[in-house]
Amino acid sequence: MRPGPGAPRGGEAGPGPLQPSVRKTQMGGSRKKKKMAKQLQRLAEEEAAALEAEEAEQRGRHLQALSGATGAERELEELLFGDCLAAEEGELLQRLAGPPRRAAEDGGSLLRDSSDSEVENEAKSAFVSKAPAWVDEDDEAEEKIDMTHRYRRDLMKSDAEKILTKKKLKIRLEEQFQRAMGGVPAWADREYRKKSKRTRSDSGSDDDDDLLCRTGNFITTSESLPRGILEMKSCLPANQERLAEGKLSTVQFHPSAQVVMTAGRDRSVSLFQVDGIRNPKIQSIYLESFPIYKACFSADGEQVIATGTHHKMFYVYDMMGGSIIPVHQVRGMEDKFVKNFEVSPDGSFMLLTGTSGYLHLLSMKTKELISTMKVNGRSTASAFTSDSSKVYSYSKEGEVFIWDVRSRKCLHKFEDEGSLEGKSIAVSKNNQYVACGSVSGVVNLYTTDVCLKENNPKPVKAIMNLVTSATSVTFNPTTEILAVASNEADEAVKLIHIPSYTVFSNFPVFRRKQIYLTQSMDFSPRSGFFSIANNKGKALLYRLKHYSDF
C-alpha cells in the first residue's frame with residue numbers, strides 16, 4: 001500500500017508535533033549564554049574599577065607628598081627657580097597621575113600582571129641608557145710626561161725614567177713634598193682634618209676654612225729648610241772643562257749672573273757658566289809668576305781682585321773692558337806682602353789684612369788707602385756685616401774686634417770662648433749670627449746683639465764636629481745653613497742646620513772620599529748650588545734641591 005502524499009518516507013521524520021519544542025530549547029540556551037557573558041563582563045568591570053581605585057589612591061598619596069610644601073617654601077622655590085617651576089611641577093604631577101586606565105574589554109585583561117604600576121613602568125622607561133654622542137680616544141689613553149724637561153729633571157731616579165705617566169709623576173711629587181716637609185702636613189691629612197673639624201665644631205672656628213676666606217699673597221720663594229737630611233745632588237765639577245793644575249785656592253759665585261769663578265796656584269782665573277750638567281767655560285786669564293792666594297768678585301760683579309802668595313802687589317781684572325790692571329803699591333802701606341782681603345757688600349770698600357795686626361781700608365773705586373786700624377796681636381780673619389757698616393776682625397789671640405767703618409773706631413771687643421788661636425770668622429747675611437772658627441776645630445756660634453754688649457759672651461752653640469783647625473766658615477744667603485771646614489784633613493766638611501744647630505747627617509757621604517782637603521767654599525746667591533774648592537784642582541758642585549733658584 002503506497003503512502004499518501006503527506007506521509008513521511010522511510011528513515012525520515014515527518015513534520016510531527018516535536019519540532020516546536022526543539023526550537024524553544026535552542027532559544028533558551030542562547031539566552032543563558034548572553035546572561036552569563038553579561039555577568040562575566042560586569043565582574044571584569046568591577047575588578048578593573050577596584051584596581052583603578054587602588055592605583056588612584058596611590059597616586060593621590062604621591063600628589064599629596066609633592067604638594068605638601070608650605071607657602072614660604074613655594075615662594076623660595078619660585079625665587080630660586082623662576083616662574084617655570086609651577087609648569088615643571090605640573091608636568092611632573094601629570095606624569096605621576098598618568099593617563100586614565102581603560103576598562104578591560106574582555107576577561108583576558110584580568111590575567112595581566114598588576115604588580116607593576118604604570119608609574120613604575122614610566123619611571124623605568126625614563127632611565128633608558130643612551131649612547132654617548134662623541135668619544136675621545138685620548139681620554140682613555142694614559143697621558144705621558146717628559147721627565148727630561150729642566151723643571152722635572154730632578155725628579156728622575158735613573159736615566160730609564162725619561163717618560164713617566166701622569167699618575168706616577170703625581171706620586172713622585174707627593175713623595176718629594178713629604179720629604180721636604182718631614183711627612184704629611186696637617187692641612188693635607190684628610191683624617192686629621194676631619195678630626196680637627198669635629199673638635200672645633202663646638203667653638204665654630206676653623207683655621208683652614210678661614211684661610212680660604214681671605215685674599216693675599218700666600219706664595220713664598222722657599223719654606224723653611226727641614227733638619228736631619230739635606231736633599232742634594234752631586235753635579236759635575238764647576239770647572240770640569242778646565243781643571244786647575246794643583247791646589248784650587250778660591251771658588252766664588254757671581255753676585256748676579258749664573259757664573260762661578262775659580263782661581264788657584266796655577267796662576268789662572270777662570271769663569272764658568274753654571275748649569276749643573278756641562279758647566280761650560282766662559283773665559284780664563286793667566287797671571288804670569290803670580291800664584292793666586294785669594295780672588296774675589298767686586299760687589300757689582302764687574303771686576304775680579306786677586307792677591308798672590310808672596311807679593312806686595314795685587315791684580316784687578318776688569319771683565320767689562322777685558323783688561324788686567326796691576327796695583328803695584330798702595331800709598332801709605334808698608335807691608336811686605338798682601339794676601340788676605342775682604343770686599344764690602346755695598347761695593348765701597350776693600351779691607352786688606354796686613355802684618356802686625358794692621359787693617360787697611362781702601363776705596364774700591366780708586367784703590368787708595370782711606371784709613372788704617374790696629375788690633376792687639378795679629379789679625380787672622382775679618383768679615384763685613386751685610387750693611388757694610390761694621391767689620392768683625394778675629395785676632396790670633398782669640399779676640400774679636402768690632403769696628404765702625406765710617407768712624408774707623410772700635411765699638412766693642414769680646415773674647416771667643418775657649419779659643420787658643422783664631423782661624424776664620426763669618427757674619428750671617430741677616431746680621432743675626434757670628435761664627436768664629438779656632439785652631440782646635442771648635443766653631444762657636446754667637447748672636448750679634450750679645451757680642452755687642454758682653455765681653456765674654458756665651459755661644460748659642462759650640463760646633464765640635466771638626467778635629468783639626470776650622471779654616472773656613474760661611475753662611476748661606478738665607479741663614480739656614482752654616483758650612484764649616486778644615487784644610488788639614490780629608491773630608492773635613494760639615495753643614496749645620498740653623499736654627500736647630502744640628503748637623504746634616506748625609507753630607508759628606510760616608511766612606512766615599514771625594515772632597516779631600518777643602519780650601520774654599522761658597523753658596524750661590526739664592527742657595528741653589530754649593531761649591532767646594534779642594535787641593536786636587538776641582539771645584540766640586542752640589543745642587544741643593546730645597547732651593548728652586550740659582
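The values are calculated or read from the model by the stated rules, or taken from the named source; none is laboratory data. As the structure is a prediction and not an experimental result, all values here were calculated from the model. For neighbour counting, all protein chains shown are included, and Cβ atoms are generated from backbone atoms with ideal geometry for every residue, glycine included. Surface accessibility is based on the protein's heavy atoms, side chains included, excluding ligands, DNA and RNA. Shrake-Rupley method; radii C 1.70, N 1.55, O 1.52, S 1.80 Å.
Do you know which residues across the stretch 359-380 are closer than 30 Å to residue 318 by Cα, without any contact (Cβ under 8 Å) to a residue 40 or more places away in the chain and not in a strand (DSSP E or B)? Within the stretch 359-380, 365, 366, 368 qualify.
Entry remark, the stretch 342-358: residues being surrounded by fewer than 19 Cβ atoms within 10 Å (Cβ to Cβ), among the β-branched types (Val, Ile, Thr) and not in a loop (DSSP other than H, G, I, E, B) number 0 in total.
When the stretch 498-513 is filtered for residues that are open to solvent by less than 40 Å² (accessible area, probe 1.4 Å) and aliphatic (A, V, I, L, M), only 498 remains.
Comparison of 374, 339 shows that the only residue that is under 20 Å from residue 252 (Cα atoms), open to solvent by 10 Å² or more (accessible area, probe 1.4 Å) and among the basic types (Lys, Arg) is 339. Criterion applied to 415, 397 was being open to solvent by 70 Å² or more (accessible area, probe 1.4 Å) and closer than 25 Å to residue 498 by Cβ, and the one residue passing it is 415.
The listed residues are 212, 225, and the only one of them that is modelled with pLDDT under 95, among the hydrophobic types (A, V, I, L, M, F, W, C) and open to solvent by less than 60 Å² (accessible area, probe 1.4 Å) turns out to be 225.
Applying the selection to the stretch 234-271, what residues are of a type in the set (S, T, N, Q), outside any strand (DSSP E or B) and crowded, with 18+ Cβ neighbours inside 10 Å?
239, the sole residue that qualifies.
Residues in the stretch 473-482 that are farther than 14 Å from residue 502 by Cβ and of a type outside the set (Ser, Thr, Tyr) were compared, and the one that is surrounded by the fewest Cβ atoms within 10 Å (Cβ to Cβ) is 477. Within the stretch 294-330, the only residue that satisfies the criterion of being open to solvent by 40 Å² or more (accessible area, probe 1.4 Å), within 18 Å of residue 363 (Cα to Cα) and of a type in the set (Ser, Thr, Tyr) is 315. Scanning the stretch 483-497 for residues that are open to solvent by 20 Å² or more (accessible area, probe 1.4 Å) and among the polar types (S, T, N, Q) gives a single hit, 487.
Conditions tested, residue by residue: (1) touching a strand residue (DSSP E or B) at 6+ places or on another chain (Cβ under 8 Å); (2) of a type in the set (Lys, Arg); (3) at negative phi.
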{"residue": "251", "(1), (2), (3)": "yes, no, yes"}
{"residue": "265", "(1), (2), (3)": "yes, yes, yes"}
{"residue": "272", "(1), (2), (3)": "yes, no, yes"}
{"residue": "279", "(1), (2), (3)": "yes, no, no"}
{"residue": "284", "(1), (2), (3)": "yes, no, yes"}
{"residue": "291", "(1), (2), (3)": "yes, no, yes"}
{"residue": "295", "(1), (2), (3)": "yes, no, yes"}
{"residue": "302", "(1), (2), (3)": "yes, no, yes"}
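Taking residue 542, is it open to solvent by less than 30 Å² (accessible area, probe 1.4 Å), in contact (Cβ under 8 Å) with a residue 24 or more places away in the chain and aromatic (Phe, Trp, Tyr)? Considered against the rule, which asks whether it is open to solvent by less than 30 Å² (accessible area, probe 1.4 Å), in contact (Cβ under 8 Å) with a residue 24 or more places away in the chain and aromatic (Phe, Trp, Tyr), residue 542 comes out as yes. I'd like the residue in the stretch 272-293 that is buried (at least 21 other Cβ atoms within 10 Å of the Cβ) and in a strand (DSSP E or B) and, out of all such residues, is nearest to the chain's Cα centre (by Cα). Among residues in the stretch 272-293 that are buried (at least 21 other Cβ atoms within 10 Å of the Cβ) and in a strand (DSSP E or B), the one nearest to the chain's Cα centre (by Cα) is 272. For the stretch 381-488, no strands (runs of 3 or more DSSP E) sit wholly inside it while including 1 or more residues that are touching a helix residue (DSSP H, G or I) at 6+ places or on another chain (Cβ under 6 Å) and in contact (Cβ under 8 Å) with a residue 60 or more places away in the chain.
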